[in-house]
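Asks: I am attaching a structure below and will ask some questions about it afterwards.
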Amino acid sequence: MVPDAKGRYPIVYRFDMSNPDSLVVGQTFPVKSRDVIYVSRHPSVDIRKFLNLIGTPLGIASQGAATAANLGQ
């Protein structure tokens, strides 16, 4: 890690916002100019994206098979 021009190193703080204590501390945490606040996604968002990734092609294939079966009748 490289210090800035004034010899300071960046510090990263992590708050678990599912913990009530972190919520209280986070509300009183001092934020200064040029600070960066990063909010991560909930793990369920990644699961939902994965299921959409898998479900969309399967849905298209299912509709295609149903259409082909209907045309064959």
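Asks: Using only Cα atoms, find the angle between the long axis of helix 43-71 and the longest principal axis of the chain, and express it within 0 to 90 degrees, rounded to the nearest 10.
Replies: 10
Asks: Ok, one more. Debye calculation, C-alpha points only, no solvent: report log10 I(q)/I(0) for the chain at q = 0.17, 0.21, 0.22, 0.24 Å⁻¹, in the same order as the q values.
Replies: Each listed q corresponds, in turn, to -0.86, -1.01, -1.04, -1.10.
Asks: Calculated FRET efficiency, L53 and D21, Cβ-Cβ r, R0 35 Å, to nearest 0.05?
Replies: E(calc), rounded to 0.05, equals 0.45.
Asks: If you don't mind, another one. So how strong a dipole does the chain carry about its Cα centre when Lys and Arg Cβ are +1 and Asp and Glu Cβ are -1, to the nearest 20 debye?
Replies: With Lys and Arg at +1 and Asp and Glu at -1, about 240 debye.
Asks: Okay, next question. Would you mind computing, in nm to one decimal, how far apart the modelled labels at A5 and S40 are, each placed 7 Å from Cα along Cα→Cβ?
Replies: Going by the 7 Å Cα→Cβ label model, 3.3 nm.
Asks: DSSP loop trypsin sites (Lys or Arg not before Pro) in the chain with at most 14 other Cβ atoms within 10 Å of their Cβ, which ones?
Replies: Answer in residue order: K6, R8, R14, K32, R34, R41.
Asks: Turning to a different aspect of this structure: Provide T28, T56 in ascending order of the number of other Cβ atoms located within 10 Å of each residue's Cβ, fewest first.
Replies: Ascending number of Cβ neighbours within 10 Å: T28, T56.
Every read-out reported here was derived from the displayed coordinates using simple, explicitly stated rules and does not represent laboratory data. Since the structure is predicted, the reported quantities are computational estimates derived from the model, not experimental observations. Glycine also receives a Cβ, built like all others from the backbone with ideal geometry; neighbour counts cover every protein chain displayed.
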